[in-house]
Structures are given as structure tokens and as C-alpha cells.
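Scroll down for the structure; my scribbles are underneath it.
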Amino acid sequence: MAELVYPPVIGMARTMFKALDLRFDIQGTENIPRRGGAVLVSNHIGYLDFVFAGLTARPAKRLVRFMAKESVFRHKVSGPLMRAMKHIPVDRKQGVDAYRHAVKSLRSGEIIGVFPEATISQSFTLKTFKSGAARMAQEAGVPLLPMALWGTQRLWTKGHKRDLGRNHFPITMRVGEPISAEPGESADSLTERLRARVQELLEAAQRAYPVRPKDPDDTWWVPAHLGGTAPAPVQPAGH
């Protein structure tokens, strides 16, 4: 079927990025396969992350179908757009249908986008990864594509007002080489390897980020371990 909605939406996003004068630093897009299924896995620090993560597939002329919480699909504006772009709604209480839908799409050659932390990390550090992305990749026989983004939290994130002015914010993204399961490897082991790789990419993106907070009131977007005032990460039970 022809893609009637997704390309114009990408065009609108690019126009918005130009209006905001965002400064992009994207590396690793050659790791996105030009054909065949794959699971694109990213950290999650802002509400617009799926828009930015999807950009990494454009040089390969691919479209990413993101798994997103079902409430987004109920919204009168975003809902019809999300469905028309063939994104996948996830009901967290009943996730089996979304999982099956994603595996079927992967087998048919689609790239599925997943945020395995499930929610935005308000500490801007990596939370625990859920194993769904690894399990889907294993079941469909496709690779995982680890990536990390940095700077998107400055535009719009949980607990802070949107800042969509012409602030010339840098947005840094890094895509790693594909990861495949070893023979007999468990989904948990694969998830651990995946998370470690996303962590490496996140640190690389942070090191490459060209600006620092301009004053003490501007430190909220920097994690505590890097000297900022973002909330400390919540430790999982048992730690």
C-alpha cells in the first residue's frame, strides 16, 4: 500500500526542525539496513523521541513503525495520524496483541521502533530495559539496532514546560551496529547486552554534545552524575 501520510508528516517535522533551528549531529545511520526487518531500540528522555529516532532511518529510505502506548491512539489528533503511519498501539495490561502485531511486521520486513524503558527517564539515565524488544527480534529472526539520543529532553519532557522556541538546541544521535542473538542465548542475556550497548552510545552522544548549561537554572537537563540537577535515578527493588 502507498504511504500517503507518513512522508508528509516527516516533511512537516523537518520544517518544524528548521524553524526551531535545531543542530543535528547524527552518526551511524549506515547501520540501518536498507531492506528487511529490524528492531530499532532507543533510550527515552523526551516526548518527541520517536520523531527524532525515526530520522535515523531516512538515509536508508526506511520508515520506522513505533510501538506506543494506546492512549496516544485515542487522541483525536494524534490517533488518526498514528494509525495511518502504521504505528503499533500497546495496551500495557494486554500487550500480547501488540507483540504479535510487531513480530508479524518484523517478519514482513518492517523496522519496528521500541523504547524498552517503557516510560521517559526523568533522571535522563538509562532505566531497566524490558525484554520485549529482544524477544521480538529473536522470534522474528531479525537484528536489534541500538541507538541513543541526547538533547531532546530540552525541547519537551516530563515535568517541564515545552520549549519550542528558536533556541538552536543541538540534538545528538548515535546508531550502533546491529546486534543478533547468540545460539541458545536467553532474551534476558540479549537484553543485558543491548542495554550495555545503548549505554555506550548514550555516553558517546553526551561526550559529543557541544554545549553545557548556561547558568545554574539551566542544569535541570543534565543528569546528577554529570553535575546537573536532574533527579537521581530510581533504583530497582533489590538494589
Open item on the list: Please compute, over every Cα-Cα pair in the range 65-116, the percentage with a separation greater than 15 angstrom.
Closed with: 42
Open item on the list: So with the 1.4 Å probe, I'd like the accessible area per residue for the range 133-232, rounded to whole Å².
Closed with: 50
Task: Net length gained if the chain between Arg14 and Asp163 were fully extended (0.36 nm per residue, minus Cα distance) - done: 51.9 nm
TODO: Report the charge-dipole magnitude of the range 82-174 in Debye, nearest 20, computed about the Cα centre from +1 at each Lys and Arg Cβ and -1 at each Asp and Glu Cβ.
DONE: 220
Task: Reference-scaled alpha-carbon Rg (2.2 N^0.38 Å with N residues) for the range 1-142 - done: 1.03
Task: Charge dipole of the chain about the Cα centre (unit charges at C-beta), most positive-ward option of Val142, Ala13, Leu194 - done: Ala13
Task: Fraction of the pair-distance distribution of the range 27-73 above 16 Å, Cα-Cα pairs, percent - done: 40
Open item on the list: Rounded to the nearest 20 debye, what is the charge dipole size of the chain about its Cα centre when +1 sits on each Lys and Arg Cβ and -1 on each Asp and Glu Cβ?
Closed with: 780
Task: Gain in span if fully extended, Ala208 to Lys69, counting 0.36 nm per residue against the direct Cα distance - done: 46.9 nm
Open item on the list: At 222 nm, what value in deg cm²/dmol follows for the chain if DSSP H runs of at least 4 each add -39500 (n - 2.57) and the sum is divided by all its residues, to the nearest 500?
Closed with: -10000 deg cm²/dmol
Task: With every protein chain in place, the chain: carbon and sulfur % of accessible area (1.4 Å) - done: 54
Open item on the list: So if I restrict to the alpha-carbon atoms in the range 137-239, what is the Rg, and what is Dmax, the biggest pairwise distance, in Å?
Closed with: 16.8, 51
Task: Gain upon complete extension [Glu139, Gln235; 0.36 nm per residue less C-alpha separation] - done: 31.5 nm
Task: Distance (nanometres) between label positions extended 7 Å along Cα→Cβ at Asp217 and Arg107 - done: 5.6
TODO: Give the long-range amide H neighbours of Val90: residues separated by 5 or more places, or on another chain, with amide H under 5 Å away, using H modelled in the peptide plane at 1.01 Å from N.
DONE: Ala68, Lys69, Glu70
Task: Label-point separation, Ala84 to Glu3 (7 Å along Cα→Cβ), nm - done: 1.5
Task: Simple Cβ-charge dipole of the range 141-239, Lys/Arg +1 and Asp/Glu -1, about Cα centre, in debye nearest 20 - done: 500
Task: Accessible area of the range 1-91 divided out per residue, in Å², using a probe of 1.4 angstrom - done: 52
Task: Descending Cα extents along the principal axes, the range 121-179, whole Å - done: 43, 22, 16
Task: Whole-angstrom gap from the range 72-118 to the range 190-231, using each part's C-alpha centre - done: 28
Open item on the list: Can you match percent of Cα pairs over 24 Å apart to one of these, (1) 40; (2) 44; (3) 59, based on a calculation from the structure here?
Closed with: (2)
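The values are calculated or read from the model by the stated rules, or taken from the named source; none is laboratory data. Since the model is a prediction, treat every value here as computed from it, not as a measurement. Every residue, glycine as well, gets a Cβ built from its backbone with ideal geometry; the counts of neighbours run over all protein chains shown. Note: areas computed on protein heavy atoms with side chains; ligands, DNA, RNA excluded. Shrake-Rupley method; radii C 1.70, N 1.55, O 1.52, S 1.80 Å.
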